[in-house]
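Engineer: One structure, as structure tokens, below. Some questions next.
Where a number appears in this text, it was derived from the coordinates with a stated rule and is not lab data. Nothing here was measured: the structure is a model prediction, and the numbers come from that model. Here the Cβ positions follow ideal geometry from the backbone for every residue, glycine too, while neighbour counts run over all protein chains shown.
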Amino acid sequence: MGKLKITETALRDGHQSLIATRMTTDEILPILNKMDNVGYYSMEVWGGATFDSCLRFLNEDPWERLKKIRNVVKNTKLQMLLRGQNILGYRHYPDDIVELFLKKAISNGIDIVRVFDALNDVRNLQKSIDVIKEEGAHCQCAISYTTSNIHTLEYYVDLIKKFEEAGADSICIKDMSGILLPYQAYDLIKAIKETTDLPIELHNHCTSGIASMTLIKAVEAGIDIVDTAISPFASGTSQPPTESIAYTFKDTEKDPKLDMNALVDIASYFKDIRSKYLENGTLNPKVLMTEPKTLLYQVPGGMLSNLLSQLETLNAVDKYEEVLAEVPKVRKDLGYPPLVTPMSQMVGIQSVFNVVTGERYKMVPTEIKKYVQGYYGKSPDKISNEIKKKIIGNAEIITVRPADLLEDEFEKCKKEINELYESTEDVLSYALFPQVAKNFLEGRKIDNYDKAEGYVG
Ligand code: CO
């Protein structure tokens, strides 16, 4: 037993879920010292979409953000989310990039790396796990939680054993869709607790309206850590509100003992930021609304809005319900992949194609073909020969770890950015998001030139 530990997610998942990851470093820095003294176990501040968003939309260097945050946060562990061999991108990267990326993330201030694979294929996590451990950081392995007739308690217990063997320091149940029901959570956590002594953390989303109830049952089942977001960046498609959860367990043996007065100040600070994004349209009030349909279709909230916007561009919004009904069918055909990045996007596009073209698998994106060929890892369940034939014909299927087929890339990338190079971090940004990083680095060069020349205006 002992107190419930809290991971504050506002600075990563909170704004990723509600305002498309648009919070700037200038908005983050002024409140950090106060947050550092609340009594959180950790703060999730990096990884996920933050890296891409910094470069693509905010003209910020994500590495600088991390260094600046670390400079202020002295008491609280800093946490990031990593997609295993996909790092923070959408494809598999070679081992040299994974290794250097993690070394730099950790030396620039990350204490805890939460690592997951969209297919729960441990081979796609092993390299990350090894480097995280070698670098002396805490390695948290996350289950990409999903439901299907193969995703049983035994399946998850077996996965936890594999995580433990692979070197995990703790376990996370990552319910990106907010579909883990309270009593299922209780059984799942009880089963995991019987399997391992490693600490367990719950990460869920309020999308369907059940997250706080699930969280209570998780605590009853003995969960050690939970993810919450300060109220202005909580609820809707984000995490349960930090303050509400802290009050729920106040004066119980699980009391997280956060500084409740400080939380009031922090919430008031973030309320102003939320107002700004509400007024400029970045925060769509829709994401704050409860959407129990995610329980019916078992899809994450972000995917619902993505599908809708894809159908809008195709002038086929009237097909929305049909596409939603197609998603579980495509999932079944593809061996029940969890709907998390990048599988959520891939399954979403395939479902749209299947409905809009009027013929299933008439059009198949390259990524889906690659997936069926094994280039993303092992599908959770077998894919039938009929579906394989439809999607890839007689193309070859690989069974090795996908990254085993990749050549090292660091030196090649370094050459490619040429005179834009200032640090290893620059090369890593470029390796992950070539065009976006190049634009950013070119802009930086011009800025530096202007500064050196003393340009004004
Ligand atoms: Co999340």
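Engineer: Within region 338-356, whose backbone N sits under 16 Å from a point 7 Å along Cα→Cβ of residue 309?
Structural biologist: 341, 344-346, 348-349
Engineer: Okay, moving on. Kindly state, to the nearest 0.05, the FRET efficiency for residue 213 paired with residue 384, given R0 = 41 Å and r defined as their beta-carbon distance.
Structural biologist: E(calc), rounded to 0.05, equals 0.65.
Engineer: To continue, here is another question. Between region 51-75 and region 369-430, what is the C-alpha centre distance in whole Å?
Structural biologist: The two parts, judged by their Cα centres, are 27 Å apart.
Engineer: Turning to a different aspect of this structure: Nearest 0.05, what FRET efficiency do residue 362 and residue 412 give at R0 = 41 Å with Cβ-Cβ as r?
Structural biologist: After rounding to 0.05, the efficiency reads 0.65.
Engineer: Evaluate the distance, in nm, between pseudo-label points positioned 7 Å from the Cα of residue 394 and of residue 329 along their respective Cα→Cβ axes.
Structural biologist: 2.9 nm
Engineer: Let me ask something else about it. For the residues 65, 360, what sequence is obtained by ranking on other C-beta atoms within 10 Å, fewest first?
Structural biologist: Least to most surrounded, the residues fall as 360, 65.
Engineer: Can I ask one more? With r as the distance between the Cβ atoms of residue 279 and residue 447 and R0 = 25 Å, compute the FRET efficiency 1/(1 + (r/R0)^6) and round to 0.05.
Structural biologist: Approximately 0.30, to the nearest 0.05.
Engineer: Could you pull out the pairs from 34/445; 77/217; 74/161; 193/250 whose alpha carbons sit more than 31 Å apart here?
Structural biologist: 34/445; 74/161
Engineer: Between residue 162 and residue 3, 0.36 nm times their residue separation minus their Cα-Cα distance comes to what?
Structural biologist: Once the chain is fully extended between residue 162 and residue 3, it gains 54.5 nm.
Engineer: As I understand it, the dipole of region 299-403 uses +1 on the Cβ of Lys and Arg and -1 on the Cβ of Asp and Glu, about the Cα centre. Which of 365, 400, 337 lies farthest toward its positive end?
Structural biologist: 400
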